[in-house]
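A.B. asks: What follows is a single structure, and I will ask about it in a moment.
The values are calculated or read from the model by the stated rules, or taken from the named source; none is laboratory data. The model shown is predicted, which means the values in this text are computed figures rather than measured ones. Because the Cβ atoms are built from the backbone with ideal geometry, glycine has one as well, and the counts that use them run over all protein chains shown. The accessibility values were calculated without ligands, DNA or RNA, using every heavy atom of the protein model including side chains. Shrake-Rupley method; radii C 1.70, N 1.55, O 1.52, S 1.80 Å.
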Amino acid sequence: MDHHADLQQACYDYLNHLKDELNHSLTAAAEDLDKMLQRCKDSMNNEQSPLIRENVVTLSEVVHAYILGRASEDALFYYLSEQFNIGKQDIPALVKSLVELKSRVAGPEYKLPAAGHFTHYPKVSVIITTYNRKAFLYKAVHSILMQDYPNKEITVIDDCSTDGTDELMKDSFGGDERVIYMRSDQNSGPGNNRRKAFAAHADGEYILFLDDDDYLIDMNYFSNAVDFHINHPEISFVAANVFLEYSKTKQLKVSSLGLGEIINQHDYFMNFEQKGYPKPASTLTTLFKREALMRMDILNMNMVNDASIYLRSLLVGDAGFIDMIAGVYRIHGNNITFNLSQDFLIENLEEKKLIRNMAIEQHGYNAKEMNQWFNHNVYDTIFYYLMNSAKSHKDFEAMYQWARRHCPGIYNQLKREFRVKLMKKQILRVSILRTLLNR
């Protein structure tokens with residue numbers, strides 16, 4: 001039996017045990033779930049493969065989320081199909097039992113509200129930036145078109161792709177009035193393209209920025225998110241949980257934010273990406289209020305990347321979170337966060353400086369508090385870059401000089417911590433060169 005067959009069989013074993021548990025627990029309530037699912041996991045203790053055991057743990061987590069109403073039927077069966085090649089038609093008895101249990105524990109699944117509930121359906125504008133990823137792009141666009149929400153429009157902005165992206169868009173979506181295709185004249189990066197597409201076509205009341213390799217899996221998500229916005233007018237954006245898809249290992253894992261329904265804008269802004277205040281995975285589930293994006297001056301942003309959009313949005317409104325698995329965030333072996341350029345980092349640091357100044361001058365934040373915030377964020381940004389992406393002495397020196405000019409308080413700390421790292425890199429480089437020359 002090959003690896004995939006082993007994995008599928010382990011899933012069937014777990015699900016059959018779960019079916020037996022459900023048959024003997026017809027009155028199961030929320031407080032019984034943990035014990036019941038733990039017994040199902042325990043039934044797999046004799047499994048020798050660590051990878052299979054790990055997948056069973058995630059499977060149990062997804063089933064638990066479904067029963068509690070934190071994963072839709074779409075999300076559950078997407079996971080079973082992608083990870084184990086098991087469809088709804090393969091386990092009809094278990095599906096019936098799970099649906100009955102979920103209805104008792106979590107209530108009925110969210111459905112599209114009637115038009116009268118909204119008075120009208122506010123428009124959702126989706127901006128997808130793409131570059132030479134037509135194999136991924138189709139799935140991203142299709143996942144938006146499959147949303148049950150009726151008033152949506154997609155703008156795909158192509159950064160001069162050479163892989164036939166233009167033909168894909170014409171052949172697959174050319175006849176769909178809901179899809180607009182833009183092609184840049186020269187390669188200018190996703191940040192500039194987001195701003196360009198926003199200015200040209202993002203006239204919806206709500207905006208979603210989607211990367212070309214990510215996609216939604218909960219077909220009710222727009223309906224749910226728009227409803228959340230309407231019920232919470234104080235928020236700038238609402239986001240949800242995702243699956244992380246590891247391209248190399250073909251594994252799916254749940255990434256839950258673990259945040260409350262509403263997070264105060266000041267608290268989230270000051271602690272952004274620190275313990276207890278995680279950043280959502282990219283912006284793939286995040287519906288921003290267009291009014292908030294305009295108030296935070298998106299059209300004049302130099303760097304329209306996810307962290308900057310979130311931070312600026314938090315200056316003008318609270319954050320909302322829906323405890324549901326709504327999308328899939330792909331993690332590739334060549335993830336961009338480990339291959340950042342020096343120019344990108346400096347642009348990122350300059351953007352943080354602008355945000356600090358906006359907080360003080362336009363939103364009344366305390367200057368001393370914001371300088372501490374700025375120093376902390378600059379240190380984290382430079383530290384991450386030097387640890388993961390810096391390749392030469394010039395890279396280190398450029399970061400040191402920027403810190404000395406703009407954050408002298410952290411300059412000496414950075415120099416001390418990375419002096420040894422730089423020396424090791426230089427010694428290793430010399431050693432490799434000598435080895436090559438002596439061959």
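A.B. asks: State, in angstrom, two size descriptors of the chain derived from its alpha carbons: Rg to one decimal place and Dmax to the nearest whole number.
C.D. replies: Taking only Cα atoms of the chain, I get Rg and Dmax of 24.1, 79 Å.
A.B. asks: Sorted by average packing, counted as other Cβ atoms within 10 angstrom per residue and highest first, what order do 120-133, 265-278, 222-235 take? All intermediate terms of the calculation are to be shown ahead of the outcome.
C.D. replies: Values: 120-133: 21.1, 265-278: 15.4, 222-235: 18.4.
Order by mean packing, descending: 120-133, 222-235, 265-278.
A.B. asks: Assigning unit charges at the beta carbon (Lys, Arg +1; Asp, Glu -1) and nothing else, what dipole magnitude in debye, to the nearest 20, does segment 205-259 show about its Cα centre? Don't jump to the answer; show the numbers that get you there.
C.D. replies: Details: 3 positive and 9 negative charges, 73 e Å.
Charge dipole, segment 205-259, about its Cα centre: 340 debye, nearest 20.
A.B. asks: Here's a follow-up. I'd like the antiparallel share, as a percent to the nearest 5, of DSSP beta bridges with both residues in the chain. The partial results should precede the final answer.
C.D. replies: On the way: 13 of 42 bridges.
Within the chain, antiparallel bridges account for around 30 percent of the total.
A.B. asks: I need to check one value: relative contact order of the chain, counting alpha carbon pairs closer than 8 Å and at least 6 residues apart, in percent.
C.D. replies: On the way: 615 pairs, mean separation 58.9, N = 439.
13 percent.
A.B. asks: Using only Cα atoms, find the angle between the long axis of helix 134-145 and the longest principal axis of the chain, and express it within 0 to 90 degrees, rounded to the nearest 10.
C.D. replies: Helix 134-145 sits roughly 60 degrees off the main axis of the chain.
A.B. asks: Hey, can you grab everything whose amide H is under 5 Å from the amide H of S161? Only 5+ residues off in sequence or another chain; H modelled, so Pro and N-termini drop out.
C.D. replies: Answer set, sorted by chain and number: N132.
A.B. asks: Mind checking the dipole of the chain: about its Cα centre, +1 per Lys or Arg Cβ, -1 per Asp or Glu Cβ, Debye to the nearest 20? Mind dumping the intermediate values first?
C.D. replies: Numbers: 49 positive and 57 negative charges, 430 e Å.
In total the dipole reaches around 2060 debye.
A.B. asks: Starting at the first residue of segment 309-318, write each ³J(HN,Hα) from the Karplus equation 6.51 cos²θ - 1.76 cosθ + 1.60 with θ = phi - 60°, in whole Hz, x for Gly and Pro.
C.D. replies: Whole-Hz 3J(HN,Hα) from phi for segment 309-318: 5, 4, 4, 5, 5, 6, 6, 10, x, 6.
A.B. asks: Enter the angle in degrees (range 0 to 90, nearest 10) between the Cα long axis of helix 3-23 and the first principal axis of the Cα atoms of the chain, meaning the one along which they spread out most.
C.D. replies: For 3-23 against the chain, the angle is about 50 degrees.
A.B. asks: Also, I was wondering about something else. How far apart, in nm, are the 7 Å Cα→Cβ label points at A199 and M294?
C.D. replies: With each label point 7 Å from Cα toward Cβ, the separation is 1.6 nm.
A.B. asks: What net charge do the residues around G260 carry, taking every other residue with its C-beta under 13 Å from that of G260, with Lys and Arg at +1 and Asp and Glu at -1? Write down the numbers at each step before the final one.
C.D. replies: Numbers: positive: none; negative: E261, D267, D318, D323.
In short, -4.
A.B. asks: Right, next: Charges on Cβ only, +1 for Lys and Arg, -1 for Asp and Glu, centred on the Cα centroid of segment 227-379; of G327, N371, L354, which one is farthest towards the dipole's positive end?
C.D. replies: Highest projection toward the positive end goes to G327.
A.B. asks: Still on this structure: Find out how many positive minus negative residues lie around I322, taking Lys and Arg as positive, Asp and Glu as negative, among other residues whose Cβ is under 10 Å from that of I322. Please report the intermediate quantities before stating the final value.
C.D. replies: Values: positive: R70; negative: D218, D227, E261, D323.
Net local charge, I322 excluded: -3.
A.B. asks: Please report, as a whole percent, how much of the solvent-accessible surface of the chain comes from carbon and sulfur atoms (probe radius 1.4 Å). Intermediate values should be presented prior to the final figure.
C.D. replies: On the way: 10430 of 20920 Å².
Solvent-exposed carbon and sulfur of the chain make up 50 percent of the total.
A.B. asks: Can I ask one more? Rounded to the nearest 10 degrees, what's the angle between the helix 92-105 long axis and the longest principal axis of the chain, both from Cα atoms, 0 to 90?
C.D. replies: Rounded to the nearest ten degrees, it is 70.
A.B. asks: Which residue, chosen from S184, P150, H201, occupies the Cα position most advanced towards the positive end of the dipole of the chain, where the dipole is computed from +1 (Lys, Arg) and -1 (Asp, Glu) charges on Cβ about the Cα centre?
C.D. replies: Ranked along the dipole, the leading option is S184.
A.B. asks: Calculate the spin-label point distance for H266 paired with R405, positioning each point 7 Å from the Cα along the beta-carbon direction, and give it in nanometres.
C.D. replies: Roughly 3.4 nm, to one decimal.
A.B. asks: Okay, next question. Between segment 180-197 and segment 53-72, how far is it from one alpha carbon centroid to the other, in angstrom?
C.D. replies: With segment 180-197 and segment 53-72 each reduced to a Cα centre, they are spaced 38 Å.
A.B. asks: Under 12 Å from the Cβ of F288, count the other residues' Cβ atoms, weight Lys and Arg +1, Asp and Glu -1, and hand me the total.
C.D. replies: Working: positive: R194, K289, R290, R295, R312; negative: E205, E291, D306.
Overall, the nearby charge balance is +2.
A.B. asks: What distance in nm separates the simple spin-label points at N187 and A135, each placed 7 Å from Cα in the Cβ direction?
C.D. replies: Those two pseudo-labels are separated by 1.9 nm.
A.B. asks: While we're here: Counting only heavy atoms of the protein chains, get the accessible area per residue of the chain (1.4 Å probe) and round it to a whole Å² value. Numbers along the way, then the final one.
C.D. replies: On the way: 20920 Å² over 439 residues.
It amounts to 48 Å² per residue over the chain.
A.B. asks: Which length gain, in nm to one decimal place, applies between Q274 and V105 when the Cα-Cα distance is subtracted from 0.36 nm times their residue separation?
C.D. replies: Numbers: separation 169, 0.36 × 169 = 60.84 nm, distance 3.33 nm.
Full extension of this stretch gives 57.5 nm more.
A.B. asks: When the helix-only estimate is applied to the chain (DSSP H runs of n ≥ 4, each -39,500 (n - 2.57), divided by the residue count), what is the mean residue ellipticity at 222 nm, nearest 500 deg cm²/dmol?
C.D. replies: Numbers: 17 runs with 234 residues, N = 439.
Dividing the helical sum by the residues of the chain leaves -17000 deg cm²/dmol.
A.B. asks: Along the Cα-to-C-beta direction of T162, a point sits 7 Å from the Cα; which residues of segment 126-156 have their amide N less than 16 Å from that point?
C.D. replies: Answer for segment 126-156: 131-134.
A.B. asks: Using C-alpha positions alone, give me the convex hull volume of segment 226-274 per residue in cubic angstrom. Could you put the intermediate results ahead of the total?
C.D. replies: On the way: hull volume 5.3 nm³, N = 49.
It comes to 109 Å³ per residue, whole-number rounded.
A.B. asks: Please list the non-local residues whose amide H lies under 5 Å from the amide H of D211, H modeled 1.01 Å from N, same-chain partners needing a gap of 5 or more.
C.D. replies: Under 5 Å from the amide H of D211 lie the amide H atoms of T283, each far enough along the sequence or on another chain.
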